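Here's the structure, in structure tokens; my notes come after.
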Amino acid sequence: MSGKFDAMHEEPSFGKLFINGAFVGSTGAARLPVIDPFDQSTIAHAVDATAEDVDRAVTAAGEAFEGAWRETSAQTRGQILWRIAAALRERSAELAELETRASGKPIADSESDIADAATCFEYYGGLATKLHGDVTSIEGAMVLAVKEPVGVAAQIIPWNYPMLMAAWKLAPALCAGCTVVLKPSEETPLSVMALASSFADAGLPPGVVNIVTGRGEGAGAALVDHPGVHKIAFTGSGEVGRHIMQRAAAGLKRVTLELGGKSPNIICADANFEAAIDGALFGIFLNQGEMCSAGSRILVERSIYARVLEALVERARDIRIGPPMDPETQMGPLVSARHFERVRAYQELGKAEARLVLGGGRATGAALDRGWFVEPTIFADVNNHSRIAREEVFGPVACLLPFDSDEEAIALGNDSPFGLAAAVWTRDVFRALRFTRRLRTGVVWVNHSQPAPVEGPWGGFKQSGLGRELGRGGADAYLETKQVYLNTEDQPIGWP
Ligand code: NAD
């Protein structure tokens with residue numbers, strides 16, 4: 001453990017909430033341990049916020065929205081976002097360590113996530129001054145479409161990319177002029193709470209961003225139900241997403257949802273073979289497979305099916321599983337005991353439903369015995385109607401399926417309740433275009449897997465979500481459009 005983390009360990013903010021620009025105590029006594037999934041040690045205790053705490057945070061956000069933030073120009077908002085980005089880059093080592101200690105993801109991945117989070121703040125910092133409505137001239141009047149922030153946004157995020165998911169939520173909301181109450185996952189509340197200590201230096205007025213930690217059914221539910229919240233942005237499981245949408249209906253709150261997936265990764269026989277193997281491999285095993293967009297269904301044209309299977313098995317054997325703080329590690333432990341049990345159950349289910357060709361159990365070894373490690377697992381000849389092919393595992397478990405024609409690959413790819421992402425590997429441009437038009441997913445990668453550039457829209461079709469994050473549209477999700485009608489004639493108007 002580095003000295004830097006020891007210093008952070010003592011940081012009082014971990015047992016506090018961040019409300020109205022200050023680290024404050026909870027009105028309740030409940031605390032949740034944050035467990036290191038590598039060795040099951042307790043890293044810190046986070047507040048399990050009460051409904052009263054949530055009320056304080058929403059009230060602060062409401063007052064900031066009507067006060068300081070409303071009076072802050074778009075240019076200043078942009079500059080604040082850039083300074084938050086700079087803080088992320090300056091504090092990268094310390095924040096990456098917190099991410100890795102709480103989530104188990106390899107330290108190299110955490111460092112890259114922090115850089116991506118900074119890029120997200122930089123993009124929306126630039127966009128802040130470029131948001132505008134439009135004007136139409138009609139007879140006797142001008143009609144303006146004015147963009148205004150929605151108000152107070154409740155943002156609820158998962159544990160798999162803690163800081164990046166926080167950036168995807170905070171940056172567009174602040175760019176649009178909203179104020180925020182963010183609830184990180186109870187598994188990984190530390191890194192974003194640590195970042196909050198840089199907000200005042202960045203120039204963020206008190207109350208613009210508030211962070212409450214705690215359980216979903218507690219703090220999360222109180223936030224969703226709070227009448228002072230105007231918009232809910234949620235990333236997490238479909239089950240919780242559906243529940244939130246129902247609760248939000250009572251107050252007709254605006255809702256965006258980023259949910260799960262079972263994404264097809266389609267490898268055609270004419271693909272660049274090595275590139276396709278690389279992409280298929282990290283498409284499912286990166287971040288221990290704990291990715292919403294993981295290419296968990298690998299569809300392979302039958303003429304190269306055996307070759308792809310052999311190459312994937314050989315390459316997956318070489319993945320370096322190890323202590324997440326080791327810079328050489330490629331796969332760390334799963335986030336928690338509960339998630340480990342879930343993924344293990346899917347490994348067993350897969351054995352009953354398909355042909356196991358690699359892994360299928362707990363990963364063991366001298367350095368791994370106290371961690372929630374599982375083996376990279378590959379099932380071959382999977383039936384697309386089996387549970388292992390339909391349900392999101394959210395772990396390093398790949399399903400291989402052969403196909404004989406593009407029509408069949410498209411049909412298999414689309415035959416899923418989800419529609420988050422798809423990858424297609426081919427050198428034939430017309431083939432690639434056919435796939436991009438026909439696949440019913442929010443993202444289609446051609447000859448790549450998993451990039452999520454901040455410039456492009458992100459989100460799912462079908463049960464993978466509602467609305468889009470990132471890109472220009474990411475800010476639109478935090479804006480209302482107001483019509484202003486300007487009568488240009490100083491004349492009596494009579495009875496219309
Ligand atoms: P989860 O749904 O269990 O929890 C997500 C968040 O919701 C947590 O902060 C949790 O505390 C909160 N929550 C739980 N119950 C709640 C309730 N009743 N009211 C309000 N909040 C509540 O999901 P998870 O296990 O943290 O994350 C994994 C899931 O996230 C996977 O399904 C994955 O696909 C999805 N995900 C999607 C994307 C995307 O961009 N589409 C990105 C990352 C993760």
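Things worth noting here:
- Mean separation of Cα contacts under 8 Å, 6 or more apart, over the residue count of the chain: relative contact order %: 18
- Among the GluC sites (Glu not before Pro) found in region 404-458, those both in a DSSP coil and sparsely packed, with 14 or fewer other Cβ atoms within 10 Å of their Cβ, are Glu455.
- Gyration tensor (alpha-carbon) shape descriptor, region 237-326, a/c threshold 1.5: oblate
- Exposed-loop-free span, longest in the chain, where trypsin sites (Lys or Arg not before Pro) count as exposed if DSSP calls them loop and at most 13 other C-beta atoms lie within 10 Å: 71-319
- Rounded Å value of the spacing that divides the Cα centres of region 176-254 and region 264-332: 34
- Only lysine pairs 8 or more places apart, or on different chains, with alpha-carbon atoms under 15 angstrom apart are counted in the chain, and they number 8.
- Within the chain: Cβ-based charge dipole about Cα centre, in debye rounded to nearest 20 (Lys, Arg +1; Asp, Glu -1): 720
- Using a probe radius of 1.4 angstrom, the carbon and sulfur fraction of the accessible surface of region 264-446 is 51%.
- Dipole of the chain, positive direction: furthest Cα of Leu190, Trp458, Asn160, with charges on the beta-carbon: Trp458
- Gain upon complete extension [Arg438, Leu252; 0.36 nm per residue less C-alpha separation]: 63.6 nm
- Tensor-based shape of region 149-203 (alpha-carbon gyration tensor, a/c under 1.5 rounded, otherwise prolate or oblate): oblate
- Accessible surface, per residue, of the chain when the full set of protein chains is kept, probe 1.4 Å, Å²: 40
- Length-normalised contact order of region 342-418 in % [C-alpha pairs under 8 Å, at least 6 apart]: 28
- Shape category assigned to the chain from the gyration tensor of Cα positions, a/c cut at 1.5: oblate
- Region 83-125 - percent of accessible surface contributed by carbon and sulfur, probe 1.4 Å: 50
- Potential lengthening of the chain between Ala141 and Arg362 amounts to 72.6 nm, from the contour at 0.36 nm per residue minus the alpha-carbon distance.
- Each Cα pair under 8 Å and six or more residues apart adds its separation to the average, and for region 149-196 the resulting relative contact order is 49 percent.
The values are calculated or read from the model by the stated rules, or taken from the named source; none is laboratory data. Because the structure is a prediction, the values reported are computed rather than measured. Using ideal geometry, Cβ is built from the backbone for each residue, glycine included, and neighbour counts are taken over all protein chains shown. Remember, those area values only see protein heavy atoms, side chains included, never the ligands or the DNA or RNA. Shrake-Rupley method; radii C 1.70, N 1.55, O 1.52, S 1.80 Å.
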